[in-house]
Each structure stands twice: as C-alpha cells, then as structure tokens.
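The values are calculated or read from the model by the stated rules, or taken from the named source; none is laboratory data. This is a predicted model, so every value here is computed, not measured. Counting neighbours? That spans all protein chains shown, and the Cβs are built from the backbone with ideal geometry, glycine included.
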Amino acid sequence: MERASKPVLILTLIALCLPGGHRAAVAAASPGVAGEAGIRSKCPPQQEIDRALGKASSLLQQAQYSAAAEVLATFSNAKCDPRTYLLLAAALEAVESSAQAEEALRRAHSFWPANTSIAASLAREYLNARQVDKAVQALADFHVTATTPLQEMQVGAVVYLAGHRLVPALPIAESAYKSYPSLETLLLLANVLQLQGRYKDVNHLLQDQRKVYATSPDFLVTFAESENDAMLWDAARDDLEHAIALDNKSYRAHYLLGNVLASLNQTDGAESEYRIAIDLAPDQPRTYYQLALLLHAKQDDAGETALLTKALAADGHYAPAHCEMGRIMIGQHRLADAVTQLNLAIQDNPQIEQAYFLLARAYAGLGQKEEADAMVKRYTQLRAANRRTSVDKRPGQLGADQATQPETRE
C-alpha cells in the first residue's frame, strides 16, 4: 500500500478540518454572480455529499487514491462543497496528476476566492511549480484569523516570502506565532523580520527565548544571522560554533560561519568553512560565489573564475556570479563578453546596482555612448530608489536546503 506524501496529507487534513455542509460552503463563497443559482441547483442533497466525502477520506487514508478520485468526480463540476475539491486535489496529486489537481483547485478558487484553505492549497501548487507570481495572486483574498490552521498560515507566509512581499508576510507570521507558539513559528517570524532589516527586533525576540531553545541548531543559526547583520560578529561566531557542535552537518551554520569569519578578517578559517559548506551542499551557488570573493581578495584570479563558473553551473540564473564575471572580463578587456554577462545579471535580478554601473563602463569602452548613458541613468535611478526604502529586498536567509523556505541572503 502506497504511503501518502506530505502534500497529500496536508491537503487531506485541510479538507477534514474545514467546516462542512452546504451552509459552510455558501458562507465561504464570494458574493453571488450571475448563474450561481443554476450552478447550485445541480448539487445533490448535502447528506449525499457528506457520505461521498466520508468515503473518499477513508479511501485516501487507505492510499486508494484513484478510487477516491472516482468517488469525488461526481461533485467536481458544481459549486456544492469546498471540501470536495480539496480531497479531489489530494487524490489527484497522489497519483501524480499535478495538472489535474491544480485545475480542481483553480475551479474551486473561482467559486470560493475567500476560502483560505482553497487559496493556500492552490498557492502551494503554484509555488511547487515555481510559478511564484501565480501563487501570490492566489492569495489575493487570503486573510488569517486566530483559528486559521497553522499549515495554511505557513503556506501563506512562505508564498509571500518567495514573492518578496514582506508586508503581507509579517502579520501572517505574527498570527502564526501568537496562535501556535513553537520553535517553528518563532523562527518564521524572525525570518520575516530579518528580511525587513529589523535585526534589532529579531535579537530582542530571540534573546527572550534563548534559554528555551539553547540546544536547537536552527535557533542558534537564525540568531547568528541577526547578530551578523548587527555586526556582532563575535557573538555570531560563538552561536554558530555552538550550532555546529550540535549538528556538524548543518550547511547553513558552516556557510554563515564562513561569512562571519570573513568579516573578522579570518580568511583561512572562512575558506575552510565555505569548503565544508560546499561539500555538504554542492548545489548552492552562493557558497561558490562567497568563496570566489574571498579568493579575489587574495588576488587568486584563476581560482575566483573557476568558482564563479561552478556557481553558474549550479544555477545559471545566479545574478551575483554573472555580475562578478562581468567585472573580471572588463579587467581583461573582454568588453563584449562582459556586456553579455552583465545583461544576464540584470535579466535575472533587475535590482542589482553594480551591474548597471559596470555595463556603463563596458559600453563606454566599446564606444557605445548612447548605451553607456542609458546605463548611467538606470544606475542613478535604481540607487536613489534603493536608498529611499528601508526594506531589505535581498533573498531569504533560510537556505534552499529547507525546501519550503527561501534561500539565504548574500
């Protein structure tokens, strides 16, 4: 018998926890639209729907996914009960019909746009498919309360973080921690605050809980992240060394310790930590990039270039590596190649200031004055805009080794 995957279990639990019945379905619906009465008239008696939902739930728990989907298919084209679509999506996802599961949730979302269970489930489908903009759009009417299930709050916060929407992410994280206090929700709130550059608030928040979670590597690494932002490097180093003593296989701890030691000008120690981090997570482009910068400081140009090449092999859309490659090529008088690299950097991250500055230099060197002037103008505008905002728009700090959360900042 096949075991249900975690997403399937989450969808099933959401459906089972959602208040049922025709009245609940109507209450969760959006304001009436033309033809809605006709859609509802197609619904069978609620007792019949409830029996089908109970049978489908039982089949899902027995890993009989295709049979569950067949039971639910009868009710999948009408606006009868939101739980029908949630369970149907769970069944379809379990038999690897992601496109059909997404379609079922999309149809349900059109019926009940304010239903948080459906919105969160659809957003999760989009996020898993790397369609971040669609995931954010699915949450347009997403509003949490103290009784919103934790899974839905987590999905909402993660989606907003992935879309760099820090303002709506914060109240969700605050509600999650208030309603479901735990290490997991504490760190979620800390992560959102860190991304907003509020490291002082994070330090205060976590300091109050240090005794409670003193043996948690994740807690110590998250705390060290804010200490690093506050330039409390000795404290950050101590917390990271403690985290590594508790879990020496923590990629995050070794990577961040490399950053801290580099800030303390302990370059040999930083290089060692970066190399350990690469061994633990060879698919992380940021580690190659940070080590490349370290080798640049040591004037090891060949070593830097080799590491940047590895960073781009790990992720061809990693903008900082493209930008640094462009800088190196300008120094080598390979101006046309530099333009290619720098345009790739901007394509992948339009907010990277240095790329515009370097592009202006490269175009000027090629005698392309009009293009150079345009890059100077864009650089000046972006620099001014970035100085006007207090929100740090860098990627998240949790790392790609945690699949449901965003990657660490540079």
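Overview of results
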read-out	value
Index of the failed condition, R130 passing every other in (1) within 23 Å of the chain's Cα centre (by Cα); (2) on the phi < 0 side of the Ramachandran plot	(2)
Qualifying residue in the range 12-26 (condition: in a helix (DSSP H, G or I), modelled with pLDDT under 50, surrounded by fewer than 18 Cβ atoms within 10 Å (Cβ to Cβ) and among the small types (G, A, S))	yes
Filter result (of a type in the set (A, V, I, L, M, F, W, C), free of Cβ contacts under 8 Å to residues at least 60 places away in the same chain and surrounded by fewer than 17 Cβ atoms within 10 Å (Cβ to Cβ)) within the range 79-115	V95, A99
Given (1) small (G, A, S); (2) buried (at least 20 other Cβ atoms within 10 Å of the Cβ); (3) under 23 Å from the mean Cα position of the chain (by Cα), number of the condition S216 does not satisfy	(2)
Test set (1) surrounded by fewer than 20 Cβ atoms within 10 Å (Cβ to Cβ); (2) at pLDDT 95 or above; (3) not acidic (D, E) - L187 fails condition number	(1)
Residues that are buried (at least 24 other Cβ atoms within 10 Å of the Cβ) and closer than 20 Å to Q151 by Cα, drawn from the range 59-78	L60
Exclusive hit being at pLDDT 95 or above and small (G, A, S), set A385, A355	A355
Test: residue in the range 115-128 that is touching a Phe, Trp or Tyr at 6+ places or on another chain (Cβ under 6 Å) and farther than 25 Å from L60 by Cβ	no
Residue identified as farther than 23 Å from T147 by Cβ and either outside any loop (DSSP other than H, G, I, E, B) or at pLDDT below 85 (or both) among S110, S117	S110
Given (1) modelled with pLDDT of 95 or more; (2) more than 17 Å from P285 (Cα to Cα), index of the condition T309 fails	(2)
Verdict on A129 being buried (at least 22 other Cβ atoms within 10 Å of the Cβ) and in contact (Cβ under 8 Å) with a residue 12 or more places away in the chain	no
Hits in the range 100-148 (condition: over 22 Å from A69 (Cα atoms) and aromatic (F, W, Y))	F142
Flag for E152 being outside the structural domain of S121 (by TED's automatic domain parsing), without any contact (Cβ under 8 Å) to a residue 24 or more places away in the chain and in a helix (DSSP H, G or I)	no
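One line per residue, one yes/no per condition, for (1) in a loop (DSSP other than H, G, I, E, B); (2) in contact (Cβ under 8 Å) with a residue 24 or more places away in the chain; (3) among the hydrophobic types (A, V, I, L, M, F, W, C):
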site	(1), (2), (3)
A243	no, yes, yes
D268	no, no, no
L291	no, yes, yes
L294	no, yes, yes
G303	no, no, no
A311	no, yes, yes
A321	no, yes, yes
E324	no, yes, no
